[in-house]
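The values are calculated or read from the model by the stated rules, or taken from the named source; none is laboratory data. The structure presented is a predicted model; accordingly, all values stated were derived computationally and were not measured. As a convention, Cβ positions derive from the backbone with ideal geometry for all residues, glycine included, and neighbour counts pool all protein chains shown. Just the protein is used for accessible areas: all its heavy atoms, side chains included, with ligands, DNA and RNA removed. Shrake-Rupley method; radii C 1.70, N 1.55, O 1.52, S 1.80 Å.
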Amino acid sequence: MKITSKIRSTQKPLFEIETECQNPINDSFWEQNSCCQEVENESVITSSLVSRDLVLLDIELFFESSKTIDFSVRGESVLLNFICCNNVKSAIENFESEMYEVENTQNIIYAVDFSGQYDVPAFEQIKYFTIILSVEYYAELINKNWNIHPKFSKDILQKINSTLSPDYLPFNPDIQWVIHEIKNCRHEGAMKKMYIETKVKELVVLQIESLLSTVDEKFIIDSEEYIKLQEAKLILENTFTNAPTLPELSRIIALNEFKLKKGFKACFQTTVKGYITKIRMEYAKNLFRNKTLNVGEVAEKCGYKDVSHFSSAFKLFYGFTPASFRKNHLNINYAFLYLDVFEFFSFDAFLM
């Protein structure tokens, strides 16, 4: 495989990777990290791990003017695609027509000579995480059991460009956590390669399970309703300390309560109430970094009038009370790492 990406207005590629150049007996990855800043305040940060059959790409972009980026993979490939940003307009050759990408969504793609064009807006932090596999390597990951996903398998075997799911679907907490583990791998050399390959297989299992289980159950949302749901999400992010009630939010975005509840859950994998709680708990965690604030002050700043209600919500979300957290004699950085682990998991079942 040969993987290339470049900004349309420049000749110099952002990166070029040829997997055939890798030594077949090499037990470690070829690692490549780069940070490009041709204009002040603009940046392109890329990290890659490369072997003959696997390429892991972690990309961050920020531009002060809109840019068009070309990305291509020469040869057959299977892409585990994770989109971590909004508002990027994409057009993939031999796939569906233009679409606007949605934050925290994922899919698996098979392509022969993948070629995509991405229109990146100005002043947006753009993030992508993609794992590109050879078809032979993907076959080994699924133990050559092509019956796992019959239609997708048929397209691969017939060399027809295809996606596992018709639409990109939201991450679930398990997928988020495995990505976190891959990005924060501390092993080196052969151990790193073994660890990453194990996590990639786990990720494939989780993606297949997630994408196939939601194809028939997905709540249908048209483009107008989706815009209104994004508006609702933004409203909650800006007013979480005094968020509108469900009927109030329904009136503000002009979408009935049923579609608001069902659509919000389908788009963001959480309830409206669950999302408010998540934002409040993340804010509380950051406030506790200031050791001068007591539990009551943090509760008030997070929008809770009752400290006991805040403490109950905190314990339900993180697994321990805010008071016990403050008294914890462990290193504070370890404690916050512990919080970060728990915030990947959804507690909506307790809130519904």
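Can you classify segment 147-295 as rounded, prolate or oblate using the Cα gyration tensor, where a ≥ b ≥ c are the square roots of its eigenvalues, rounded means a/c under 1.5, and otherwise it's prolate if a/b beats b/c and oblate if not? Oblate, since a/c reaches 1.5 and b/c is not below a/b.
Would you mind classifying segment 23-164 by shape? Square roots of the alpha carbon gyration tensor eigenvalues, ordered a ≥ b ≥ c; an a/c under 1.5 is rounded, otherwise it is prolate if a/b is larger than b/c and oblate if not.
Since a/c reaches 1.5 but b/c is at least a/b, the shape of segment 23-164 is classed as oblate.
A dipole drawn for the chain from +1 and -1 charges on Cβ atoms has a positive end, and of THR271, GLN207, ASN172 the residue lying farthest that way is THR271. Counting only aspartates and glutamates at least 8 places from LYS265 when in the same chain, those with an alpha carbon closer than 15 Å to its own are GLU103, GLU217, ASP222, GLU225, GLU231, GLU257, ASP348. Peptide packing for 136-148, 77-89 was compared via the average number of neighbouring C-beta atoms within 10 Å per residue; ordered from the highest value, the list is 77-89, 136-148.
Report the charge-dipole magnitude of the chain in Debye, nearest 20, computed about the Cα centre from +1 at each Lys and Arg Cβ and -1 at each Asp and Glu Cβ.
Working: 38 positive and 48 negative charges, 244 e Å.
About 1180 debye.
Which angle between 0 and 90 degrees, to the nearest 10, do you get for helix 332-342 versus the longest principal axis of the chain when only C-alpha atoms count? Helix 332-342 and the main axis of the chain meet at about 70 degrees. At a probe radius of 1.4 angstrom, the accessible area of the chain per residue rounds to 53 square angstrom.
Computed from Cα positions, the angle between helix 173-183 and the longest principal axis of the chain comes to roughly 60 degrees. Oblate is the label for segment 148-206, because the ratio a/c of its alpha-carbon gyration tensor axes (a ≥ b ≥ c) is 1.5 or higher and a/b is not greater than b/c. Helices in the chain, meaning DSSP H runs of at least 4 residues, each add -39500 (n - 2.57). Divided by all residues, the mean residue ellipticity at 222 nm is -12500 deg cm²/dmol. In angstrom, the C-alpha Rg and Dmax of the chain are 22.0, 64.
Placing +1 on the Cβ of every Lys and Arg and -1 on the Cβ of every Asp and Glu, with no other charges, gives segment 90-159 a dipole of roughly 420 debye about its Cα centre.
Here segment 105-228 is treated with +1 on each Lys and Arg Cβ and -1 on each Asp and Glu Cβ, and its dipole about the Cα centre works out to around 500 debye.
Please report the net charge: other residues with Cβ closer than 14 Å to the Cβ of ASN86, K and R +1, D and E -1. Don't skip to the end; give the middle numbers.
Working: positive: LYS89, LYS127, LYS233; negative: GLU101, GLU103, ASP119, GLU124, GLU231, GLU237.
Computed value for this residue: -3.
For the chain, relative contact order (Cα pairs under 8 Å, six or more residues apart, normalised by length) works out to 12 percent.
Net length available on complete extension from ALA91 to GLU20 is 22.8 nm, with 0.36 nm assigned per residue and the Cα-Cα distance removed. Dipole orientation for the chain: of the candidates CYS302, LEU141, MET1, CYS302 has the Cα lying most toward the positive pole (charges on Cβ; Lys, Arg +1; Asp, Glu -1).
Restricting attention to segment 34-190, the count of lysine pairs at 8 or more positions apart or across chains with alpha carbons under 28 Å apart stands at 12.
Contact order, relative form, for segment 199-312: 22 percent (alpha carbon pairs under 8 Å, 6 or more residues apart, mean separation divided by residue count). Here the Kirkwood formula puts the hydrodynamic radius of segment 195-274 at 14.3 Å, using every distinct Cα pair. For the chain, the longest principal axis of the C-alpha atoms and the axis of helix 307-318 are separated by about 20°.
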